[in-house]
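Remarks on the structure that follows.
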Amino acid sequence: MNTLTLAVELAYWQQTTIRAVVGLVAVLLPAGTLVYLFLFKMMSFMQSRLGPMEAGPYGSLQLLAEVGKFLQKEDIVPANADRVVFKAAPFVVLVSTFLLVLVIPGGPDLMFIDVDTGIFLALAVSSISVIGILMAGWASASKYSLLGALRATGQLIAYELPLVLAVMGVVIQAGTLNMQGIVMAQAEGEIFGFGGIGSPFIITQFLGFAIFLIAVQAELTQPPFDMPVAESELVTGYLTEYSGMRFLMFFIGEFATAGIFSALAATLFLGGWYVPGLDPTDNLFNVIGPMVLLGKIILVAFLIFWFRFTYPRFREDQLQTLAWKVLIPLSLVNIVATGVLKVVF
Amino acid sequence: MIAMAALQGFDSLMSGDTVVAQNIAFGILAVVMIVAALRMVTTGNVVHAALYLVIVLAGVAGIFILLGAEFVGVTQVLVYIGAIVVLFLFGIMLTRGALGEDEEADTEKRRMAVLVGVLVLVVTGGAVLDSFGDAAVNRAAPSLTAEIGDTIFSQYIVPFEAVSVLLLAALIGAIVVARKD
């Protein structure tokens, strides 16, 4: 990486402040984009209706109106609830989401932290959100909430394994856990001697990509894996007793996590901020990198939401069977095959 | 073990040649961990105890990261917070996750627990002091994940394989115990 010379030297606290603000934007901007583009508009078009049209041109300000509505609502805590745990739960979920964004690089010099453990750190902090969900379900003092939280936990534990194992293939191919290293391995790699487009791991690790996307779908507890919030059985599961601001936080958490998992998938399998044909150490990527990454995020998120709006809900036993009997064995086979091919070639 | 770590922390804080920010961060983590650990064993609610345990384990991960053991810190989060405590909570809530104070939590087993706790503290503390003594931690050079991987799969391959087989045996044993039919 070339050393970037800045016009001004920034103190550590100034850098940290800038990082915090950029981090907030990097979490909220893709989340808002996904909600408007896919949840409001694409779903409407797929169902032969227009969706929001009144607030702003083509309803583009609808999101702000919704946020304003949630902020005005009363923050209700059930009488029998465990108040402290009930109120802390959405924060635990949000912390997990905001920590996830740290490892994603936006350009050769654009990153929050350059850590050796990279993707491993991301997968570790993504598992914290389960505790927030369990806290929410238990503290609500409602049977629907508790059942929803237990379903969510069973599902998240089951699908965390294929999620981690699917990434292993990429790590073996790249030879590093560091996210920047994984991007560089794709930018500089070649497929059987042909290096024209680099080596985006979606080609060599297509099985890993498919397993990763299915597991992400389940981690987000959205259809077809939405047993934890199945509205016909459990009202809205662990979200049932939440209202106003705290419901909004869970909502933001869900879609921000969708955006960040899309960013992880884009970085791991589609080459992250890199576009084929250019020099990956070029300073140009510090400018266009984030935009390239956002484009790839929207591409991956399109797939995620397409599945969401298309398939009906799984039954609980089908959901567990898919994870333990199909995805985990497949990803183990993928790891073995990748390891053997890595040694042979 | 926490008390030992705290003592060592204050010791190096006074020696003057260490990074101040690291020591301040360590002090905050240590206080939070001690308070959470005490609350964990004194609280009357099982779920609260598990949540306090999360804070203690997160503090352990923080201390590992402060010492430059990044991989171990992240593993701590993934394994202990993300898996073990979640399974604790899952089990508690499936069986008896009552809200409010739980009278049964406060039993005569308390004396035994104190005894076991003190024994564990003495044994682990003694072992750590015996094997490391005054050896200083190299804070300047964080340990790399690749080096840890190389060491595990070359120098420590036999213990590693033994642990794998042991875990597999435990797994099969758990299934056999759970499925009596």
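FYI, it's all coordinate maths here, none of it is from the lab. If you're wondering where the values come from, they're calculated on a predicted model, not measured in any experiment. Every residue, glycine among them, receives a Cβ derived from its backbone with ideal geometry; neighbour counts consider all protein chains shown.
With a 10 Å cut-off around each Cβ of A:125-134, the average count of Cβ atoms from other chains is 5.
Measuring r between the beta carbons of residue A:345 and residue B:144 and using R0 = 45 Å, the FRET efficiency lands at 0.95. Structure remark: mean-square fluctuation, Gaussian network model of chain A, C-alpha springs under 10 Å; the largest value among A:62, A:222, A:318 belongs to A:318. Comparing A:294, A:50, A:146 in a Gaussian network model of chain A where C-alpha atoms under 10 Å apart are linked, the largest mean-square fluctuation is found at A:50. Shielding by partners for peptide B:69-76, expressed as the average number of C-beta atoms from other protein chains within 10 Å of each residue's C-beta, is 4. Pull up the cross-link candidates among the lysines for residue A:87, meaning alpha carbon to alpha carbon under 19 Å and not fewer than 8 places away within one chain. Correct list for residue A:87: A:73, A:143.
How big is the dipole moment of the protein assembly as shown about its Cα centre under a simple scheme where the beta carbon of each Lys and Arg is +1, that of each Asp and Glu is -1, and everything else is neutral? Debye, nearest 20, please.
Working: 24 positive and 37 negative charges, 233 e Å.
Around 1120 debye, computed over the protein assembly as shown.
Normalised by the residues of the range A:12-344, what does the relative contact order come to in percent, with Cα pairs under 8 Å and at least six apart? RCO, the range A:12-344: 24 percent. Excluding residue B:144 itself, calculate the net charge of residues whose Cβ lies under 12 Å from the Cβ of residue B:144, where each Lys or Arg counts +1 and each Asp or Glu counts -1. Cβ neighbours under 12 Å give a net charge of -4. Helix A:12-34 and the long axis of chain A differ in direction by around 70°, with both axes built from C-alpha atoms. The relative contact order of the range A:44-168 comes to 21 percent, based on Cα pairs under 8 Å that sit 6 or more residues apart. Helix A:83-100 versus the longest principal axis of chain A: what is the Cα-based angle in degrees, 0 to 90, to the nearest 10? The helix A:83-100 is inclined about 20 degrees to chain A.
Principal-axis analysis of the Cα atoms of chain A puts helix A:285-310 at an angle of about 50° to the longest axis. When you count the other C-beta atoms within 10 angstrom of each residue and take the mean per peptide, B:111-117, A:126-132, B:144-150, B:130-136 line up highest first as A:126-132, B:144-150, B:111-117, B:130-136.
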